[in-house]
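Here the structure is laid out as structure tokens; the discussion comes afterwards.
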Amino acid sequence: MVLGKSIRRSNGHASSSSSILDGDDTSSASGGGMSIYYQKINQRVAVLEKVAVSVHESRASTREAALASLVGALEGFVPAHFIGWHLRGEIVRGCCASIKKGAAAKEARLALRAVALLAVTLGPGSKRRILPAETYNPLEPGPGSKKIMAETFPLVSRILEVSTDAPLVIAALESLAVVAFVDVAAENMDDTEACMKALWGLIRPSTGPKVAGVARKTSPHVLAAAVSAWTLVLTTTDGWKKKKAAASSPAAWRDTAAHLASLLHSDSRAVRMAAGEALAVTIEMKLLTRDSNGALISGVAARASELANEAAGAGVGKANFVEQKELFNSITTFLAGGKAPASSVRASSSHHGRLTASTWTDIVRLNFLRRFLGGGFLPHLQGKVLMGEEAPLIGQVFVVKEDDMAMDHKKKVEKQRTLNRERSIVSDLKHGSSHV
């Protein structure tokens, strides 16, 4: 994944702040802009400090309002080192209490979103265990997503097992997937495997926990969300899958892929699209190869071609129609030649930067986290670059590439110069003709 970033020079020194601080956060590209930027960060930190208290209130309406404020603050960007250990702990405990209560679905949904946003904000955090006698160093990374995963997984997995509230289940599976995704730096990958197993229980209910002895049914809306979440977590396993012989064996993945392939025949376009992305990632990661699964991959390619060429007509629903054709056309091309499509999104509000994904793994990550973060995507992306933090929301490794953006800027400058020259010529002709 490549992050394009525009470069501005002032007094001979390079600066990237113009692409990070544009829009409403600054009044100019000067130091005053940075001052305003930090003022907004301090305002968000003040919200977190207030919420850390009010989220523990006994009145449900007060907790709900506090969680809504927390979500709003975290959707904006707060540098991880601005959030002290005690503050992190109080927020996580309050959110877990709201998830555990479960009486108010809205409160639980807000809490689930809040802990996932906090995980993205904090990143993996420190792996070192801090002894009680040690003094907290605000410059050292503290507990991050690993701690959040440990606290929330039992609560979230319970919701996935027994809840029939579709919006709550979707909030739970998205929260679980995001926290597990950020937690990829953890040395112990048991969390990731447990997460994938919990999500797979929704995708293939016959393998999940039984309720009153009967496998639960998953609605298409929840199923599509579960497949997307499972695929996001799958993208983190490339570094350790070879160490897990059982998990990465051809037979195990053949069964998984066969079920995903069956979802390509679902009546729901959203389910078909989610399954298509999952299969593309599985094949790209070589968990499924033509050598051992030629017939299965051929069947996927044939179905992908059918979906890419689905005809519009009477009785054909419009929802996701174009998106499905584009996705499966890309999958068909990928299966034929092995090349994933390139996907690019702007990385600054002034369009001076862009984030480009050129593998299915990065495309899935980018699309999922753009959907999840919504309006918070740009603030998080830009803020982490500015602060020099890891950017788990776009993968463990990303490259800052300046050449392409410098070229785009040069083209814009040349275009403006040409336009100015043309205006000057027209003006001269007008003035010249007036003197004749």
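The values are calculated or read from the model by the stated rules, or taken from the named source; none is laboratory data. Not measured: the values here are computed from a predicted model. Methodologically, a virtual Cβ is constructed for each residue, glycine included, from the backbone with ideal geometry; neighbour enumeration extends over all protein chains shown. Surface areas here come from the heavy atoms of the whole protein model, side chains and all, with no ligands, DNA or RNA. Shrake-Rupley method; radii C 1.70, N 1.55, O 1.52, S 1.80 Å.
Among the residues of segment 143-156 satisfying the criterion of being buried (at least 20 other Cβ atoms within 10 Å of the Cβ) and closer than 20 Å to residue 105 by Cβ, which is modelled with the lowest pLDDT? Taking the candidates together, the pick is 152.
Contact annotation: residue pairs with Cβ atoms under 7 Å, 6 or more positions apart or on different chains, pairing a residue in segment 318-335 that is of a type in the set (Phe, Trp, Tyr) with a partner that is open to solvent by less than 30 Å² (accessible area, probe 1.4 Å) and part of a helix (DSSP H, G or I), are 328/276; 328/304; 328/307; 328/308; 334/280.
Got a number for residues in segment 272-295 being of a type outside the set (Val, Ile, Thr) and surrounded by fewer than 18 Cβ atoms within 10 Å (Cβ to Cβ)? First the steps, then the outcome.
Keep residues of segment 272-295 that are of a type outside the set (Val, Ile, Thr), which gives 272-280, 284-288, 290-295.
Imposing the further condition that a residue be surrounded by fewer than 18 Cβ atoms within 10 Å (Cβ to Cβ) reduces the set to 286, 290-292, 294-295.
The total comes to 6.
Residue check: residue 262 meets all listed conditions (1) open to solvent by 50 Å² or more (accessible area, probe 1.4 Å); (2) modelled with pLDDT under 95; (3) of a type in the set (S, T, N, Q) but one, namely (2).
Only one of the listed residues (319, 314, 274) is out of contact with any Cys (no Cβ under 8 Å at 6 or more places or on another chain), assigned by the TED database to the domain that holds residue 259 and at pLDDT 95 or above. That residue is 274. The requirement of being more than 20 Å from residue 179 (Cα to Cα), among the aliphatic types (A, V, I, L, M) and modelled with pLDDT under 95 is not satisfied by residue 65. For residue 90, indicate whether it is under 19 Å from residue 384 (Cβ atoms), in contact with a His (Cβ under 9 Å, 6 or more places away or on another chain) and open to solvent by 20 Å² or more (accessible area, probe 1.4 Å). No.
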